[in-house]
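Worksheet: the structure to be examined is printed underneath.
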Amino acid sequence: MPETQNLNQKPIILAITGASGAVLGIRALEFLKEAHVETHLVISYAARQTIELETNRSLDAVIALADFYYDPDDLSAPIASGSFATRGMLVIPCSIKSLSSIANSYADNLITRAADVCLKEGRPLLLAVREAPYHRGHLRLMDLAARVGAIIFPPIPSFYGHPASLDDMIDNLVSRMLLRIGIDMGKHTIWNDKH
């Protein structure tokens, strides 16, 4: 009989979609690597363009941060099956297109299939929905996703920690996202009455 996996040993799925904010997904990969958490990465085709436009990273450099990488069309990947145990999935950033597919169980690519697997298996799924402003259709989709168990975590920075740089804001935000699914990097500002 196979040995039961410890939650702390289970891998994390991370998807980067085409919304603005690819640096957030990249920083999450860096933090997970630092924490020795096995990562399974999927980058959408639109996100490949966003990474090139918004960061000074090459696609190969981003992929190298992950333990495993899959093409978004590879529905035979292990993460497409509920029998592959993970501690959950992060979609950072999450485009409205991906949100719509996830909210409506339209699993037409590996990102949305892996997200659907997490929901059906009762595993955490965090969606860093990146758009502003939201119209009622966006809000309806976020509500639908939340009703089936997704964590809706728009990448909204906090200011009470007096961030000194954009990097400080990114670190705090990504650390809070990881904390929400049970990975404490200790890089987020904790509110107290001294701020």
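Among the residues making up region 118-141, those that are touching a helix residue (DSSP H, G or I) at 6+ places or on another chain (Cβ under 7 Å), over 14 Å from Leu90 (Cβ atoms) and modelled with pLDDT of 95 or more are His138, Leu141. The residues of region 85-94 that are within 18 Å of Leu29 (Cβ to Cβ) and either over 12 Å from the mean Cα position of the chain (by Cα) or not aliphatic (A, V, I, L, M) (or both), listed by number, are Thr86, Arg87, Gly88, Pro93, Cys94.
Each row is one residue, and each column tells you yes or no for (1) touching a Pro at 6+ places or on another chain (Cβ under 8 Å); (2) free of Cβ contacts under 8 Å to residues at least 60 places away in the same chain; (3) in a loop (DSSP other than H, G, I, E, B); (4) under 22 Å from Leu178 (Cα atoms).
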| residue | (1), (2), (3), (4) |
| --- | --- |
| Glu52 | no, yes, no, no |
| Pro72 | no, yes, yes, no |
| Ile102 | no, yes, no, yes |
| Ala107 | no, yes, yes, no |
| Ile111 | yes, no, no, yes |
| Ala115 | no, no, no, yes |
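Looking only at region 141-161, residues that are without any contact (Cβ under 8 Å) to a residue 24 or more places away in the chain, assigned to a loop (DSSP other than H, G, I, E, B) and over 22 Å from Ala47 (Cβ atoms) come to 1 in all.
Answer yes or no as to whether Ala128 is within 14 Å of the chain's Cα centre (by Cα), under 19 Å from Gly21 (Cβ atoms), crowded, with 21+ Cβ neighbours inside 10 Å and among the small types (Gly, Ala, Ser). Yes: the conditions hold for Ala128.
Any chance region 131-153 includes a residue that's touching a Lys or Arg at 6+ places or on another chain (Cβ under 8 Å), within 15 Å of Ala19 (Cα to Cα) and surrounded by fewer than 22 Cβ atoms within 10 Å (Cβ to Cβ)?
yes
Among the residues making up region 117-140, those that are part of a helix (DSSP H, G or I), under 22 Å from Leu24 (Cβ atoms) and free of Cβ contacts under 8 Å to residues at least 60 places away in the same chain are Leu119, His138, Leu139. Applying the condition of being among the hydroxyl-bearing types (Ser, Thr, Tyr), out of contact with any Phe, Trp or Tyr (no Cβ under 8 Å at 6 or more places or on another chain) and surrounded by fewer than 22 Cβ atoms within 10 Å (Cβ to Cβ) to region 10-69 and asking which residue is farthest from Pro133 (Cα to Cα) yields Tyr69. In region 106-115, the qualifying residues are those that are surrounded by fewer than 20 Cβ atoms within 10 Å (Cβ to Cβ) and out of contact with any Lys or Arg (no Cβ under 6 Å at 6 or more places or on another chain), and the one that is farthest from Phe153 (Cα to Cα) is Asp108. Regarding region 49-58, can at least one residue be identified that is among the aliphatic types (A, V, I, L, M) and more than 19 Å from Gly186 (Cα to Cα)? Yes, that holds for at least one residue.
The values are calculated or read from the model by the stated rules, or taken from the named source; none is laboratory data. As the structure is a prediction and not an experimental result, all values here were calculated from the model. Note that each Cβ is placed from the backbone with ideal geometry, even for glycine, and that neighbours are counted across all protein chains shown.
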